[in-house]
Amino acid sequence: MKSVYDVIIRPIITEQSMEQTDIKKYAFEVARDANKIEIKKAVEAIFGVKVAKVTTLNMDGKVKRTGRYPEGRRAAWKKAVVRLTDDSKTIEFFEGMV
């Protein structure tokens, strides 16, 4: 069985994701094999909040060049955007970022 810390890999701190914190939307990088139910339970267990909705996106790795000829790819990953309920508290980790 997976731990909740195996499901949530890291928070995503970008300008676009920080603008959505006022409407209680938070973005995380999650395990590629995690589903929405596992993500919801992991966020609720780690941060002690109530999750209303989870949306997921599979992000493909970009093709990058490392020199003149060799070509490689960045790793593909999965992104989850979590929407909290209106009566839920905010996640304190994101509060100092805005």
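The values are calculated or read from the model by the stated rules, or taken from the named source; none is laboratory data. The shown structure was predicted, so the numbers you read here are calculated from the model rather than taken from an experiment. All Cβ positions, even for glycine, are placed from backbone atoms using ideal geometry, and neighbour counts span all protein chains on display. Accessible surface areas use protein heavy atoms only, side chains included; no ligands, DNA or RNA. Shrake-Rupley method; radii C 1.70, N 1.55, O 1.52, S 1.80 Å.
Quick one: is T66 among the polar types (S, T, N, Q), in contact with a helix residue (DSSP H, G or I) (Cβ under 9 Å, 6 or more places away or on another chain) and modelled with pLDDT under 90?
Details: among the polar types (S, T, N, Q): yes; in contact with a helix residue (DSSP H, G or I) (Cβ under 9 Å, 6 or more places away or on another chain): no; modelled with pLDDT under 90: yes.
Taking the combined requirement at face value, the residue does not satisfy it.
Considering only strands (runs of 3 or more DSSP E) fully contained in region 8-98, which possess at least 2 residues that are open to solvent by 100 Å² or more (accessible area, probe 1.4 Å)? Working first, answer last.
Details: elements: 8-11, 25-30, 51-59, 63-65, 71-73, 77-84.
It comes to 51-59, 71-73.
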